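Written below as structure tokens is the structure these notes are about.
The values are calculated or read from the model by the stated rules, or taken from the named source; none is laboratory data. In this text the structure is predicted, and so the values were computed from the model without any measurement. Every residue, glycine among them, receives a Cβ derived from its backbone with ideal geometry; neighbour counts consider all protein chains shown.
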Amino acid sequence: MNINGKTAIVTGGASGLGEATAIRFHEAGANVVIADLNEELGTALAQKLGSRARFVKTDVTSEDDVKALCAAAAERFGAVHILANVAGIGTIAKTLGKEGPLSLNAFRKTIEINLIGTFNVLSNVAWMMSKNEPENDERGVIINVASVAGYEGQIGQIAYASSKAGVIGMTITAARDLSSNGIRVCTIVPGTFMTPMVSILPEPALQSLAKQVPFPQRLGDPVEFASLAQHIVENGYLNGECIRIDGAIRMGMR
Ligand SMILES: NC(=O)c1ccc[n+]([C@@H]2O[C@H](COP(=O)([O-])OP(=O)(O)OC[C@H]3O[C@@H](n4cnc5c(N)ncnc54)[C@H](O)[C@@H]3O)[C@@H](O)[C@H]2O)c1
């Protein structure tokens, strides 16, 4: 799909990987709807990008918010052709803590945002996309975001790894479900990227993370993530695939 002139929704678009993706799609000529809980950062980015960008405060776990997001995007830009489903949270807690098992509420919150939130946006935006006029048989492209933790969760990543494994598992099924609608679905599986979610770690921890990457021995740049997102949109034969972007890292136990 040619990005120029299309409309993209980017959840989590106010920060980190989502922000880089929103900027990249905008540079490639798309209208961009930034959907995020963070009103301050989201509004500032939309203002910086200008008339082809809009911020819509959205909690991806809320059906009402996501339906309102779709309505706002349709009202402002007419249709939505691209979805980057980037919103997510990172959580760290072991299965057993000092006081007992990890609370179900804590486990549920991570699943609610990372997995159910991803499906909530995917299904509602796919419904909108299914009404689009096809271009080269395509009506839409959806990009989800998992994590290498979905394959190799480290100690303390029980909820996070479960949520991201769910997103990985969703990918081929969603691609099959939406094939008759002309909508492609891929998932980006990042290693460790330098975003606000990660940069809060102390310097020695960041250096240790970088050393675990075989080559290049550094954290990923959000621009590299955004460049892959752009490629997925533009390459019409990519579908149903989970693509690692991780400098060949395979996470150890801790
Ligand atoms: N940074 C990494 O190394 C890394 C690695 C693997 C996967 N990921 C995944 O990439 C995605 C983006 O991470 P990031 O590093 O850019 O983090 P980030 O914290 O910089 O950005 C995440 C954004 O999601 C938003 N968000 C959180 N909960 C939300 C909700 N309920 N509704 C709407 N928006 C919500 C936040 O407000 C924030 O703007 C996440 O899904 C994360 O799990 C990141």
Name the one entry in Val189, Val223, Val185, Val213 that is within 13 Å of the chain's Cα centre (by Cα), modelled with pLDDT of 95 or more and farther than 30 Å from Glu133 by Cβ. Val189
Qualifying residues in the range 136-167 (those that are farther than 18 Å from Ile245 by Cβ and part of a strand (DSSP E or B)) - the one farthest from the ligand (Cβ to nearest atom): Glu138
Is it the case, given these coordinates, that Ile249 is within 16 Å of the ligand (Cβ to nearest atom), in contact with a Cys (Cβ under 8 Å, 6 or more places away or on another chain), in contact (Cβ under 8 Å) with a residue 12 or more places away in the chain and of a type outside the set (Lys, Arg)? no
Taking the criterion of being of a type in the set (Gly, Ala, Ser), more than 25 Å from Val80 (Cβ to Cβ) and surrounded by 17 or more Cβ atoms within 10 Å (Cβ to Cβ), would at least one residue in the range 215-227 satisfy it? yes
Against the definition (surrounded by 19 or more Cβ atoms within 10 Å (Cβ to Cβ), over 20 Å from Val56 (Cα atoms) and out of contact with any Phe, Trp or Tyr (no Cβ under 7 Å at 6 or more places or on another chain)), how does Arg139 come out, yes or no? yes
Residues Ile188, Ile232, Ile243: which one is of a type in the set (Val, Ile, Thr) and in a helix (DSSP H, G or I)? Ile232
Could you give every pair whose Cβ atoms fall below 8 Å, whose first residue belongs to the range 162-188 and is buried (at least 22 other Cβ atoms within 10 Å of the Cβ), and whose second residue is assigned to a strand (DSSP E or B) and of a type in the set (D, E, K, R), counting only separations of at least 6 or pairs across chains? Leu178/Arg184; Ile183/Glu138; Arg184/Glu138
Over 23 Å from Ile188 (Cα atoms) and either more than 14 Å from the chain's Cα centre (by Cα) or surrounded by fewer than 24 Cβ atoms within 10 Å (Cβ to Cβ) (or both): which single residue out of Thr95, Thr110 fits that description? Thr95
